[in-house]
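The values are calculated or read from the model by the stated rules, or taken from the named source; none is laboratory data. As the structure is a computational prediction, the values presented were derived from the model and not from experiment. We place every Cβ from the backbone using ideal geometry, glycine too, and count neighbours over all the protein chains shown.
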Amino acid sequence: MTNDVEVAVVGAGVSGLCAATLLAESLGDEAVLVLDASDVAGGYARTDADDGFLCDRGPNGFLDKEPLMFMWINKLGIYEQLVRANKAAERRFLLKNNRLIQMRPPPGFLLSPLLSVKGRARLLCEPLIKRKPNNKPETIWEFAARRIGPEAADTLVGAMVSGVFGGDAKKLSLEHCFPRMAEMEREHGGLVRAMFAKKRGGSGGSAMGPGGALMSFAGGIGTLTDAAMGRISNRVRLRHRAQKISQTKTGYRISVQGKPDVVARFVVLALPAHAAGALVADLDVEMGSALGSIPHAPMAVLCTGYREEDVGRDMRGFGFLAPRNQDKRALGCLWSSSIFPSTAPEGWVLLRTMYGGYTDPQALKLSDEELLGYLANEIHPLMKIERTPEFVRIYRHPVGIPQYMLNHGRILETLEAAEQRHPGLVLAGNAYRGVSLNDCVRSGFRASERLLEQRV
Ligand SMILES: Cc1cc2nc3c(=O)[nH]c(=O)nc-3n(C[C@H](O)[C@H](O)[C@H](O)COP(=O)(O)OP(=O)(O)OC[C@H]3O[C@@H](n4cnc5c(N)ncnc54)[C@H](O)[C@@H]3O)c2cc1C
């Protein structure tokens, strides 16, 4: 017995749900079948509403700079539920010597104690640094050290990389993780020059990160995947773990653990890379090993709630990142209820602290008590909290965030060639061209467009 369908989408995270809803819109619901191993759809993008708190299991927002994200949100009919991060959340902090220091844009930055006087002087030389003379792949740290100096690379850039990717700036590829920074140097000769050029051109952003405001939904980021699921729930099969994919005369056959096979003319693989790699290992060895070679950074997220009066610190701000040289296990702590007030009941504070990452996978093995111990020792003193949290939710993501290493360009070339060898099979997801929700939505649009082109 088999389930025959025109398009099978494997994986019901943001990427798969985006591709599936777009394909269902073009081809009709009956043409699409979504398979997911889990008992709930949404992948990382899920929110738990509990005791008046909203806990995002993975992502807590997206930047308002990707038109395709807004197009999808409009299609899902949830535009009215969007919320923008509080203005106060523009205040971002960095941990240095057990103090939280506000990050200020220049010229205020020059007075900030985040860097030594020598470090600040070196950073000021950025406009004088020549373009990279060759196309040799460069890590984020190498790029930053070359342009703004090793101290700023360790302190500012290293913290940002562990905050966004849970990654190691000395290992990750600049070109694939922060393509905009590489482009700024290529096109304008440097970061400061690029910022001035952009200001003249009227577009925002800074060299340190993408411009834009952080957005979510009144009910948390899970609103996005819940709405997508609502659109096609009759076409989603949960607890369906795909095990193997093989070629047929007209398309592909997907074996599903303990369930009938699914036979489809077209397949979107919207899975974590290693899971996609295991699925195609027999179909295409080269593709399977390229997918399996993309490393991941495991992450643990602690959502903890406190009465407002138990938090002694001024809570106006986004939260802070902890550079790796500051002797803290936490990667950073977001002040969720300051960013999006609807995430905590009136009179309460919700914090979201991250552990793990590429350099500390062992953190995922810690028990809840041990993680809460680190929180009490490292984070509570900084927040002037003396009591244990009254609300706790802990999420562990053993796969976590994919890491684009220096060989990522070659991996992408291999995967593009494999997609060409297997017409009708398309990859989507966070492992290829960006890890953010915006990137995942772009990958969903790409997958849907590619399949529709091949269909005619
Ligand atoms: C802790 C954390 C915080 C983050 N914060 C942000 C943020 O604030 N902003 C932002 O933009 N991005 C953030 N990200 C990144 C972003 O959340 C992810 O990149 C994105 O959600 C990935 O979506 P996806 O659909 O590609 O994959 P996933 O969400 O991983 O979905 C893949 C799906 O495949 C299913 N699956 C796996 N194996 C199989 C199989 N064999 N058969 C069938 N189904 C299978 C899984 O059950 C899952 O549902 C964060 C990520 C993490 C982990």
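Just a few scattered comments:
- Index of the failed condition, Pro361 passing every other in (1) crowded, with 20+ Cβ neighbours inside 10 Å; (2) under 19 Å from Leu331 (Cα atoms): (1)
- Condition check for Val262: closer than 30 Å to Val5 by Cβ, of a type in the set (Val, Ile, Thr) and in contact (Cβ under 8 Å) with a residue 40 or more places away in the chain: yes
- Residue selected from the range 390-410 under the condition in contact with a helix residue (DSSP H, G or I) (Cβ under 8 Å, 6 or more places away or on another chain) and away from the ligand (no atom under 16 Å from the Cβ), by the criterion farthest from Asn98 (Cα to Cα): Gly409
- Considering (1) under 21 Å from Ser15 (Cβ atoms); (2) touching a helix residue (DSSP H, G or I) at 6+ places or on another chain (Cβ under 9 Å); (3) more than 10 Å from the ligand (Cβ to nearest atom), the lone condition that His274 does not fulfil carries the number (3).
- Restricting the range 402-436 to residues that are assigned to a loop (DSSP other than H, G, I, E, B) and of a type in the set (A, V, I, L, M), the residue that is surrounded by the fewest Cβ atoms within 10 Å (Cβ to Cβ): Leu406
Matching residues to (1) within 16 Å of the ligand (Cβ to nearest atom); (2) within 16 Å of Phe62 (Cα to Cα); (3) of a type outside the set (A, V, I, L, M, F, W, C):
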position	(1), (2), (3)
Gln420	no, no, yes
Pro423	no, no, yes
Val426	yes, no, no
Val435	yes, yes, no
Asn438	yes, yes, yes
Ser448	yes, no, yes
Leu452	no, no, no
Arg455	no, no, yes
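- Among (1) of a type in the set (D, E, K, R); (2) free of Cβ contacts under 8 Å to residues at least 40 places away in the same chain; (3) surrounded by 16 or more Cβ atoms within 10 Å (Cβ to Cβ); (4) touching a strand residue (DSSP E or B) at 6+ places or on another chain (Cβ under 7 Å) - the single one Lys328 does not satisfy: (2)
- Filter pass, Val34 being outside any loop (DSSP other than H, G, I, E, B), β-branched (Val, Ile, Thr), within 16 Å of the ligand (Cβ to nearest atom) and outside the structural domain of Gly251 (by TED's automatic domain parsing): no
- Against the conditions (1) within 13 Å of the ligand (Cβ to nearest atom); (2) touching an Asp or Glu at 6+ places or on another chain (Cβ under 7 Å); (3) polar (S, T, N, Q), Thr359 satisfies every one except (1).
- The residues of the range 278-293 that are surrounded by fewer than 22 Cβ atoms within 10 Å (Cβ to Cβ), more than 10 Å from the ligand (Cβ to nearest atom) and not acidic (Asp, Glu), listed by number, are Ala281, Leu283, Val285, Gly288, Ser289, Gly292, Ser293.
- Single residue of the range 211-222 satisfying the filter (more than 14 Å from the ligand (Cβ to nearest atom) and modelled with pLDDT of 95 or more) that is farthest from Asn3 (Cα to Cα): Ala218
- Pairs where the first residue, in the range 1-27, is in contact (Cβ under 8 Å) with a residue 40 or more places away in the chain and within 14 Å of Leu451 (Cα to Cα) and the second is more than 9 Å from the ligand (Cβ to nearest atom) and hydroxyl-bearing (Ser, Thr, Tyr), C-beta under 6 Å, 6+ apart: Ala19/Ser448; Leu22/Ser448; Leu23/Ser448
- Checked against the criterion of being of a type outside the set (Lys, Arg), in the same structural domain as Phe266 (by TED's automatic domain parsing) and in contact with a Gly (Cβ under 6 Å, 6 or more places away or on another chain), the range 17-25 has at least one qualifying residue.
- Within the range 376-414, the set of residues being within 26 Å of Glu175 (Cα to Cα) and aromatic (Phe, Trp, Tyr) comprises Tyr404 only.
- Positions within the range 1-17 being within 8 Å of the ligand (Cβ to nearest atom) and of a type in the set (A, V, I, L, M, F, W, C), in sequence order: Val10, Ala12, Val14, Leu17
- For Gly16, the criteria (1) part of a strand (DSSP E or B); (2) in contact with a strand residue (DSSP E or B) (Cβ under 6 Å, 6 or more places away or on another chain) hold in every case but one, which is (1).
- Boolean, Arg352 is outside any loop (DSSP other than H, G, I, E, B), of a type in the set (Lys, Arg) and under 23 Å from the mean Cα position of the chain (by Cα): yes
Conditions (1) assigned to a helix (DSSP H, G or I); (2) at pLDDT 95 or above; (3) under 17 Å from Cys440 (Cβ atoms); (4) within 13 Å of the ligand (Cβ to nearest atom), marked per residue:
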| residue | (1), (2), (3), (4) |
| --- | --- |
| Ser38 | no, yes, yes, yes |
| Ala41 | no, yes, yes, yes |
| Ala49 | no, yes, no, no |
| Leu54 | no, yes, no, no |
| Pro59 | no, yes, yes, yes |
| Lys65 | no, no, yes, yes |
| Met71 | yes, yes, yes, no |
| Ala88 | yes, no, no, no |
| Phe93 | no, yes, no, no |
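- Residue satisfying condition, being of a type outside the set (Gly, Ala, Ser), closer than 26 Å to Glu449 by Cβ and surrounded by fewer than 16 Cβ atoms within 10 Å (Cβ to Cβ), within set Pro67, Pro113, Pro107: Pro67
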